[in-house]
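Participant: Below is the structure I would like to discuss, written out as structure tokens.
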Amino acid sequence: MTDVATMTDVLIVGAGPTGLVLAADLARRGVDALLVERADGLFPGSRGKGLQPRTQEVLYDLGVLDAVRAAGTEYPTMRIWEGDAPGQEWDMMERSEPSEQVPFPNGWLIPQARTQEVLYARLRELGGGVRFGAALTDLAQDPAGVTATLADGSTVRARYAVAADGGRSTVRAALGIGMTGETVDAKPMLVADVRITDDAPVPDTHWHVWPKAAEGTVAFCPLPSAPDGGRVFQLAAQYADESALPDTSPAGVAKLLAARTVLAEEHVAEVLWASDFRARAALADRFRSGRVFLAGDAAHIHSPAGGQGLNTSVQDAYNLSWKLAAVLAGAPESLLDTYEEERIPVAAGILGVSTRIHRSKTPVRRGGELRQLGIGYRESALTVETRGELSEDALRAGDRAPDGRPGGIRLFDAFRGPHWTLLAVGVDGAALPQLDSESVRTVTVPAYEAYGTGVFLVRPDGYVGWAGDAAEGVVEYLAGVGVGKG
């Protein structure tokens with residue numbers, strides 16, 4: 001056997017949003033994790049540029065939402081162009097006012113690169129980091145752990161590994177896990193981040209679209225102010241000809257804009273990043289193989305329509321991180337089986353939504369199901385609902401635990417952190433069991449419309465795991481997930 005150079009509890013392959021969220025959450029739980037990335041630095045482009053409301057709640061819990069919001073902006077209004085003439089304007093995003101239960105109701109526009117910079121800074125604050133320029137070349141596992149070989153010949157020995165290395169996952173290929181999917185659209189697309197001159201004839205106030213451009217639709221979205229104050233837009237261009245070969249060179253991008261929009265080549269000051277792709281939808285046949293897990297694009301590939309890929313990936317990481325930490329601390333190994341059980345149905349459903357939006361013949365307003373606030377795990381093996389008949393709109397075990405301020409206590413602040421939360425709503429707190437205060441925070445509040453009355457055990461990822469009229473049974477539930485009495 002090759003000499004092992006590094007020992008760690010969790011090896012994470014890929015420092016995109018999925019890997020960074022997973023690494024940061026494991027770090028705040030005190031788990032020794034190693035995050036490796038084949039590139040020499042963080043991804044530089046805007047690709048996944050929208051954060052949905054549920055993802056913002058995750059980032060609030062992780063302590064980075066203020067920084068994310070400072071680096072982003074609200075989505076601009078769409079402006080449809082007819083050749084050189086500006087035309088109809090409309091809001092693609094359904095907009096809602098914040099409420100106590102949903103404090104972040106709207107999508108937030110921020111380039112993926114900026115999101116990753118914020119997550120990386122948080123990871124460093126928590127004592128973690130990234131080993132850049134560390135491509136994985138081989139992976140083997142045995143009953144006790146995983147051995148990974150890196151391109152420089154060094155090896156890593158870990159108890160578990162997570163593939164967060166994208167749609168062309170090296171880890172998934174090494175495991176022999178297939179993907180089932182389809183081509184959503186055979187027409188190629190080009191996406192690029194373009195710095196334009198101050199006199200370019202497109203205002204930063206609108207997301208500009210040329211739907212009838214002869215060679216294919218073009219969308220040109222202003223991105224939040226660049227660190228140097230320059231004007232940067234994301235270009236997304238589709239080719240009408242399925243056999244077209246997108247030219248991602250700076251000259252090619254400038255020529256495309258000049259041919260299809262009101263910009264001239266000289267308005268393009270710099271092309272910061274460019275890539276081409278064909279929209280696909282695919283789901284890995286499994287999200288787990290022994291001690292190795294798939295997360296993010298390694299597990300599911302989305303059309304960019306609806307802005308679901310990055311958001312689904314972040315929530316994969318948040319679902320998995322607390323379970324890995326719990327098992328490493330002594331919880332039953334079976335807890336890890338619930339990651340695949342819970343996340344495969346969610347990913348499959350979201351893939352269907354993205355594909356439907358992409359193929360729609362008419363514009364689809366973004367809202368409702370895209371916010372991911374209705375995602376839950378009512379059918380999970382981890383979900384226990386002990387109450388009797390409930391109204392149709394009642395909060396149930398498996399649902400997202402809403403925010404609110406009953407009795408002056410902000411619930412998202414009570415939930416914030418790596419612990420479970422035993423929430424007594426309109427119930428005598430004296431009747432609650434005494435629990436390990438480091439693992440379970442006990443909070444008592446008056447009756448609150450979003451919850452009604454009862455006892456709710458909120459998981460570390462913000463979902464109700466157990467619910468009852470009183471606390472009988474909650475201690476046994478916690479014992480089953482490795483959490484004991486104080």
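The values are calculated or read from the model by the stated rules, or taken from the named source; none is laboratory data. Since this is a predicted model, take the numbers as computed values, not measurements. Cβ coordinates were reconstructed from backbone atoms using ideal geometry, including for glycine residues, and neighbour counts include every protein chain displayed. These area figures cover heavy atoms from the full protein model, side chains too; ligands, DNA and RNA do not enter into them. Shrake-Rupley method; radii C 1.70, N 1.55, O 1.52, S 1.80 Å.
Participant: Here is a check on your reading of the model: is A113 open to solvent by less than 50 Å² (accessible area, probe 1.4 Å), over 30 Å from W207 (Cα atoms) and in contact (Cβ under 8 Å) with a residue 12 or more places away in the chain?
Facilitator: Taking the combined requirement at face value, the residue does not satisfy it.
Participant: Identify, from the list A161, A237, A219, A192, the residue that is assigned to a strand (DSSP E or B), free of Cβ contacts under 8 Å to residues at least 24 places away in the same chain and in contact with a strand residue (DSSP E or B) (Cβ under 6 Å, 6 or more places away or on another chain).
Facilitator: Only one candidate passes the filter, namely A219.
Participant: Identify the single condition in (1) surrounded by fewer than 16 Cβ atoms within 10 Å (Cβ to Cβ); (2) within 29 Å of Q88 (Cβ to Cβ); (3) not hydroxyl-bearing (S, T, Y) that I196 does not satisfy, given that it satisfies every other one.
Facilitator: Evaluating I196 over (1) surrounded by fewer than 16 Cβ atoms within 10 Å (Cβ to Cβ); (2) within 29 Å of Q88 (Cβ to Cβ); (3) not hydroxyl-bearing (S, T, Y) leaves (1) as the failure.
Participant: Oh, and also: Any residue that is modelled with pLDDT of 95 or more, open to solvent by 10 Å² or more (accessible area, probe 1.4 Å), in contact with a helix residue (DSSP H, G or I) (Cβ under 6 Å, 6 or more places away or on another chain) and not acidic (D, E) - is there at least one of those in segment 387-407?
Facilitator: no
Participant: Which one of D138, D84, D142, D152 is open to solvent by 40 Å² or more (accessible area, probe 1.4 Å) and either closer than 30 Å to V262 by Cα or within 25 Å of the chain's Cα centre (by Cα) (or both)?
Facilitator: Selected residue: D84, the only one of D138, D84, D142, D152 that is open to solvent by 40 Å² or more (accessible area, probe 1.4 Å) and either closer than 30 Å to V262 by Cα or within 25 Å of the chain's Cα centre (by Cα) (or both).
Participant: Looking only at segment 257-308, count every residue that is open to solvent by less than 10 Å² (accessible area, probe 1.4 Å) and among the hydroxyl-bearing types (S, T, Y) and tell me the total.
Facilitator: 1
Participant: Does any residue in segment 47-70 that is on the phi > 0 side of the Ramachandran plot and in contact (Cβ under 8 Å) with a residue 24 or more places away in the chain come within less than 9 Å, Cβ to Cβ, of a residue that is open to solvent by 10 Å² or more (accessible area, probe 1.4 Å) and in a helix (DSSP H, G or I) six or more places away or on a different chain, and which pairs are these?
Facilitator: G63/R28; G63/R122; G63/E125
Participant: Output yes when any residue across segment 61-78 is more than 19 Å from the chain's Cα centre (by Cα), assigned to a strand (DSSP E or B) and not β-branched (V, I, T), and no when none is.
Facilitator: Within segment 61-78, one or more residues are more than 19 Å from the chain's Cα centre (by Cα), assigned to a strand (DSSP E or B) and not β-branched (V, I, T).
Participant: Go through the residues of segment 12-34 one by one and say whether even a single one is touching a residue at least 40 places away in the same chain (Cβ under 8 Å), assigned to a loop (DSSP other than H, G, I, E, B), under 30 Å from A329 (Cβ atoms) and among the basic types (K, R).
Facilitator: Yes, some residue in segment 12-34 is touching a residue at least 40 places away in the same chain (Cβ under 8 Å), assigned to a loop (DSSP other than H, G, I, E, B), under 30 Å from A329 (Cβ atoms) and among the basic types (K, R).
Participant: Within segment 5-30, track down each residue that is of a type outside the set (G, A, S) and surrounded by fewer than 24 Cβ atoms within 10 Å (Cβ to Cβ).
Facilitator: T6, M7, T8, D9, R28, R29
Participant: Follow-up. Surrounded by 18 or more Cβ atoms within 10 Å (Cβ to Cβ), in a loop (DSSP other than H, G, I, E, B) and at pLDDT 90 or above - does that describe any residue in segment 346-365?
Facilitator: No: segment 346-365 contains no residue that is surrounded by 18 or more Cβ atoms within 10 Å (Cβ to Cβ), in a loop (DSSP other than H, G, I, E, B) and at pLDDT 90 or above.
Participant: Check off (1) part of a helix (DSSP H, G or I); (2) within 30 Å of A251 (Cα to Cα); (3) not acidic (D, E) for A274 and give me the number that stays unchecked.
Facilitator: Status for A274: all satisfied but (1).
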